[in-house]
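Below is one structure, written out as structure tokens; comments come after it.
What follows is calculated from the coordinates using simple rules that are stated; it is not laboratory data. Owing to the predicted nature of the structure, the values given are computational and were not obtained by experimental measurement. Positions of Cβ are generated from backbone atoms using ideal geometry, with glycine treated the same way; all protein chains shown enter the neighbour counts.
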Ligand SMILES: C[S@@+](CC[C@H](N)C(=O)[O-])C[C@H]1O[C@@H](n2cnc3c(N)ncnc32)[C@H](O)[C@@H]1O
């Protein structure tokens, strides 16, 4: 399997997600391949619970130290493992927002797990690489600190995934999914 190297996300990504997705303390944000935890630390500092899955032992250790230094280790669930070996449905409390900065080929392999193991209405955000076969509800163009063009792809499990499209009009009511997100207190500010 091709390995995804560690390339950190730019800070602007966290800022956009925080505001556009109306992240609150009742959210649980998970980063699939969290690197040194830099995406998650900002959420934890804002009082949000986070889940970090990372295969690289050194990066896991760095993440743990960073959370400790900021005094927010109690908000971190750290799973130092291959995300293909983790059953996302067993992670409690359940992630409400999932972030992944991974190649499209890896996202494609992960997508059956995302579809079946994440809750209905879970928001999935990917950076630069879209999930093949899924329909984003929104794509946001950003320019990062180094003046590079970046794209955030935003998906909702139950709307964006392939089986949702097959079931459209029969078993999945898109309004129900959106209302479910909003019932959880979420207001989307996609702009
Ligand atoms: C592009 S980096 C993104 C790091 C971090 N999410 C960020 O945005 O700053 C991808 C990360 O995924 C991790 N990774 C790659 N394959 C993985 C796997 N199968 N299971 C868990 N982590 C993995 C890498 O070690 C690396 O830290």
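Let's see how each residue does on (1) farther than 21 Å from residue 41 by Cα; (2) touching a helix residue (DSSP H, G or I) at 6+ places or on another chain (Cβ under 9 Å); (3) buried (at least 20 other Cβ atoms within 10 Å of the Cβ):
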residue	(1), (2), (3)
65	no, no, no
69	no, no, no
82	no, no, no
121	yes, yes, yes
161	yes, yes, yes
174	yes, yes, no
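Can you tell me which residue within segment 70-94, out of those that are assigned to a helix (DSSP H, G or I) and either within 17 Å of the chain's Cα centre (by Cα) or farther than 16 Å from residue 34 by Cβ (or both), is nearest to the ligand (Cβ to nearest atom)?
In the first step, residues of segment 70-94 are kept if they are assigned to a helix (DSSP H, G or I); the result is 73-75, 83-85, 88-90.
When the remaining residues are screened for being either within 17 Å of the chain's Cα centre (by Cα) or farther than 16 Å from residue 34 by Cβ (or both), the result is 74-75, 83-84, 88-90.
On the way: 74: 21, 75: 17, 83: 4, 84: 6, 88: 12, 89: 17, 90: 16 Å.
Per the criteria, the residue is 83.
For segment 127-160, how many residues are under 22 Å from residue 187 (Cβ atoms), assigned to a strand (DSSP E or B) and either within 16 Å of the ligand (Cβ to nearest atom) or under 13 Å from the mean Cα position of the chain (by Cα) (or both)?
7
Inside segment 47-63, can you point out the residues that are in contact with a helix residue (DSSP H, G or I) (Cβ under 6 Å, 6 or more places away or on another chain) and in contact (Cβ under 8 Å) with a residue 40 or more places away in the chain? Please lay out each step first, then the result.
Residues of segment 47-63 that are in contact with a helix residue (DSSP H, G or I) (Cβ under 6 Å, 6 or more places away or on another chain), as a first pass: 49-50, 52-54.
49, the sole residue that qualifies.
Considering each residue of segment 13-42, count those that are part of a helix (DSSP H, G or I) and within 12 Å of the ligand (Cβ to nearest atom), and give that number.
If we filter segment 13-42 for residues that are part of a helix (DSSP H, G or I), which is where we start, we get 13-20, 38-42.
Adding the requirement that they be within 12 Å of the ligand (Cβ to nearest atom) leaves 13-14, 17, 38-42.
Total satisfying the criteria: 8.
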